[in-house]
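Structure record follows, encoded as structure tokens.
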Amino acid sequence: MKNTLLILSIFFCLIACNTAEKPQEAVNEEYMVDLPGDFAVFYKTFHEDSLFQMSRIMWPLQGLETSDVGENIVNGKYYHSKEDWLMHRRMTKDTGFSGSMKLLGEDLIEETLIDGNGQFGMQRRFSKFGEEWYLIYYSGLNHIAQEINSISR
């Protein structure tokens, strides 16, 4: 009986190991090449550790609210709050998004993610204060103007 139980346990472990999901390739890995090395470490941790993420956001976080599908956002100030924040995870290629990152200054990086149809996009800005990187701006998923879309691609 013990041998049967041991064999079954080993069998299920082997099945579980073979069917484990392979890590998805992140959308942003391909465009992080020319960015500061310490930013890549920050970016990875930011998307994996919720406590780290909350501590590395400049609250209240300026940006744009996520719009309802098909609606445009009128320019204006909007601030995200800690209480309503949903943890950001890394986008993987299977989500259908493409992205880019621009180094706007020595300590300022802008990330833009656009859906596969080119209809919706989101934007984040990260800045370095002292030795630490922070998320300083977040525009949630919104309908984007066609002119902006053609420039971003």
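For this structure, a couple of remarks:
- Neighbour counts of C-beta atoms inside 10 Å place Val33, Val41 in the sequence Val33, Val41, starting with the fewest.
- Packing-based exposure ordering (other Cβ within 10 Å, fewest first) of Glu132, Glu110: Glu132, Glu110
- Taking label points 7 Å from Cα along the Cα-to-Cβ direction, Met87 and Val33 give a separation of 3.2 nm.
- Full extension of the chain between Lys77 and Met54 gives 6.2 nm of extra length, using 0.36 nm per residue less the Cα-Cα distance.
- Remark: spin-label model distance Asp94-Glu106 equals 4.2 nm, labels positioned 7 Å along the Cα→Cβ axis.
- Fully extending the segment from Lys44 to Phe129 would add 28.8 nm, taking 0.36 nm per residue of separation and subtracting the current Cα-Cα distance.
- Sorting Leu104, Leu64, Leu141 by the number of Cβ atoms found within 10 Å of their own Cβ, with the fewest placed first, yields Leu104, Leu141, Leu64.
Laboratory data are not the source of any read-out in this text; all were calculated from the coordinates shown. Just so we're clear, the structure is a prediction, and the values are computed from it rather than from any experiment. Because the Cβ atoms are built from the backbone with ideal geometry, glycine has one as well, and the counts that use them run over all protein chains shown.
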